[in-house]
Amino acid sequence: MKPTFKTSKNLVLFAGITSLFASAAFAESGDADKGKSVYESTCIYCHGASGKGEIPGVPNFNNADGVLAKSDEELIAAITDGFESPGSAMPMPAKGGNPDLSDEDIVNVLAYIRSEFGS
Ligand code: HEC
């Protein structure tokens, strides 16, 4: 009876640790392929296919010391809640103006931006 109990306890522990790793990996690296379609349906109108920005006031994602130097946490907050830098010509709308975007979409689109434009 005792060994059986021990095994099942270890199994539960193992499952817990595995799911912890899985969620940490998800938070750090979204799916850039899925993020591409989010970018192309919502962000591209202002940020452009090249990531250089189509409108005055939109940052160039390709600058090595530009906005992509910020942390994932900061950028996810900026995308989710909107963002306006001091003296900005134009604010970034929350979720790029698309309220249908999920948290997962935002993690994915950030992964796409980093892989496509990040240096
Ligand atoms: C209506 C135009 C517009 C759309 C659509 C838009 N953005 Fe932006 N975005 C901006 C502007 C303008 C800024 C710069 C704002 C500022 O610096 O005040 C910006 C800034 C950013 C930044 C930098 C934030 C920071 O902390 O410096 C990121 C990242 C970003 N946008 C991602 C996205 C993503 C992802 C999408 C699509 C989900 C998106 N944007 C859609 C206009 C837009």
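Just so it is clear, none of the values below were taken in a lab; they were calculated from the coordinates. The structure displayed is predicted, hence computed values, not measured ones. Glycine also receives a Cβ, built like all others from the backbone with ideal geometry; neighbour counts cover every protein chain displayed.
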Solution diffusion estimate, µm²/s, Stokes-Einstein, region 38-119, Kirkwood Rh from C-alpha pairs, 37 °C, viscosity 0.692 mPa s: 259
Proxy reagent accessibility, fewest Cβ within 10 Å first, across ILE44, ILE79, ILE106: ILE44, ILE106, ILE79
Order of THR42, THR80 - criterion: other Cβ atoms within 10 Å of each residue's Cβ, fewest first: THR80, THR42
Dipole moment magnitude, nearest 20 debye, region 66-119 about Cα centre, only Lys, Arg, Asp, Glu C-beta charged: 240
Projected label distance in nm at SER37 and ASN60, using a 7 Å step from Cα toward the beta-carbon: 3.2
Region 45-119: GluC sites (Glu not before Pro) in DSSP loop, at most 14 other beta carbons within 10 Å: GLU54, GLU84
